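S.K.: Next up is a structure, given as structure tokens.
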Amino acid sequence: AAALRLMDMTAKLRLQFGGGDAPPLEMLPNTLAARTDEAKHRAATDRRYVHVVGVTPYLDDAELAARRGRFERNFNLARFTYETPFTTTGKTQGALDEQCKRKTVLRTAAAFPHWFKRLPVEHESSSDLSPIETATEIVTSKTHNLRLEIDAPRPSSKQLQMQLQGTLLTAVHAGPLSILD
């Protein structure tokens, strides 16, 4: 089965749980999880809230070494991660030296793929990255993605162009050139 896109899942939830006699349903943005005071205030109101995030498989260094193939890295997974951007000032957006990131790791009750499409989360842990750690991670990630495309057996000029454009000036951050300033 194909993966369900986050936007499609959000629309499906709105259709399934919205309307009727129930309290209004509000979809929370991903950045709200980092602003705990606002999240707690919203939880006290007479509305229903849903927080949908896209997750990626989480493998530590030992698991990455043991799981060499694509199949092994995408099968029998019980830990997933997602990132939440936030600023040191508490605003949704800010200068590059204020941008932080919270990395959250979730562990499910059983491994995926599973008979059930959704499983309960057994454990959740998170860590905050400082602005310099966030900037370093951006540069490292961009370098890695560019290297993967260059070293591919048949590099795609379209993908290479997209990687280069994202390296010089990304949509969310000002890009590695601005990070170096």
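S.K.: For residue 101, enumerate residues with amide H under 5 Å from its amide H, sequence gap 5+ or separate chain, H modeled in the peptide plane.
M.R.: 86, 129
S.K.: Also: Can you bin the range 77-164 into rounded, prolate or oblate? Criterion: square roots of the alpha carbon gyration tensor eigenvalues sorted a ≥ b ≥ c, rounded for a/c under 1.5, prolate for a/b above b/c, oblate for the rest.
M.R.: oblate
S.K.: State the percentage of accessible surface on the range 76-165 attributable to carbon and sulfur atoms; use a 1.4 Å probe and exclude ligands, DNA and RNA.
M.R.: On the range 76-165, the fraction of accessible area on carbon and sulfur atoms equals 55 percent.
The values are calculated or read from the model by the stated rules, or taken from the named source; none is laboratory data. These numbers come from a predicted model, not from an experiment. Just so you know, the surface numbers come from the protein's heavy atoms only, side chains and all, with ligands and any DNA or RNA stripped out. Shrake-Rupley method; radii C 1.70, N 1.55, O 1.52, S 1.80 Å.
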